[in-house]
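Structure record follows, encoded as structure tokens.
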Amino acid sequence: MSARDERGFTVAEVLIAAVIVTLALVALANVVPLASYGIQEGNQLSTATFLADQKLEQIKALPWTSAPANDCLGVGVGAPRVPLTATCTLGATTVSAGGALTWEADEATGTITGFPAYSRNVRVTDCSTGCAGITDSGMRLVAVAVTYTPLTAGTGVAATPKSVQVQMIVSQR
């Protein structure tokens, strides 16, 4: 009987295969946290964009008419104000000329219902002096910025917050 006809793996072949499998598992273990970070970053970015779009949709539905002068869109930073030449009537709420429009007020971190890690700011610019290449007193540039603090791949929370800004031109009706 000859021993040369036996089938199977040698000890060297088994050790080489074990080393290759171990290296593959170590590489995979290093990639999983990076992939998790990428998924979390995408989720936070999508949420911030959603919150900005949500506010723009609310603003788009506000009345801004010339006759009679009903301006619930306003102009300004923080809580935009009703221009001095108009008033705002929105349902049962009336805001006089120069009054702050509270529905467009800045929302600090922890004040957006269901989204405690995000803050939101609204800026309304009158386009009569020009904005985004448009010079028209019947148009306004609305910019909504949502800020959040992203997670980092190794340490948890990042030191610098990130921001998403969405803009829209609104015309007077």
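The values are calculated or read from the model by the stated rules, or taken from the named source; none is laboratory data. What you see is a predicted model; the values in this text were computed from it and never measured. Backbone-built Cβ (ideal geometry, glycine too); neighbour counts: all protein chains shown. Surface areas here come from the heavy atoms of the whole protein model, side chains and all, with no ligands, DNA or RNA. Shrake-Rupley method; radii C 1.70, N 1.55, O 1.52, S 1.80 Å.
Details
- Simple Cβ-charge dipole of the chain, Lys/Arg +1 and Asp/Glu -1, about Cα centre, in debye nearest 20: 260
- Charge dipole of the chain about the Cα centre (unit charges at C-beta), most positive-ward option of 149, 124, 137: 137
- Taken one residue at a time, the phi angles of segment 100-117 give Karplus couplings (6.51, -1.76, 1.60, θ = phi - 60°) of 6, 8, 5, 6, 10, 5, 4, 10, 6, 4, x, 9, 8, 4, x, 9, x, 8 Hz. Gly and Pro are set to x.
- Relative contact order of segment 40-170: 21 percent, from C-alpha pairs under 8 Å at least 6 residues apart in sequence.
- Note on residue 24 and residue 106: the extension gain reaches 24.6 nm, defined as 0.36 nm multiplied by sequence separation minus the Cα-Cα distance.
- For the chain, built as a Gaussian network whose Cα springs stay under 10 Å, the top-fluctuating residue of 37, 118, 148: 37
- Both radii come from the Cα set of segment 1-63: Rg as radius of gyration, Rh as Kirkwood radius; their ratio Rg/Rh reads 1.62.
- Taking each DSSP H run with n ≥ 4 as -39500 (n - 2.57) and averaging over every residue of the chain yields -11000 deg cm²/dmol at 222 nm.
- The accessible surface of segment 1-100, taken with every protein chain in place and a 1.4 Å probe, is 67 percent carbon and sulfur.
- Derived scalar couplings ³J(HN,Hα) [segment 73-90; Karplus, 6.51 cos²θ - 1.76 cosθ + 1.60; whole Hz; x for Gly, Pro]: 8, x, 9, x, 10, x, 10, x, 10, 5, x, 5, 9, 8, 10, 10, 10, 10
- Remark: spin-label model distance residue 16-residue 37 equals 3.6 nm, labels positioned 7 Å along the Cα→Cβ axis.
- Once the gyration tensor of the Cα atoms in segment 1-154 is diagonalised, the equivalent ellipsoid follows with semi-axes of 64, 15, 12 Å, ordered largest first.
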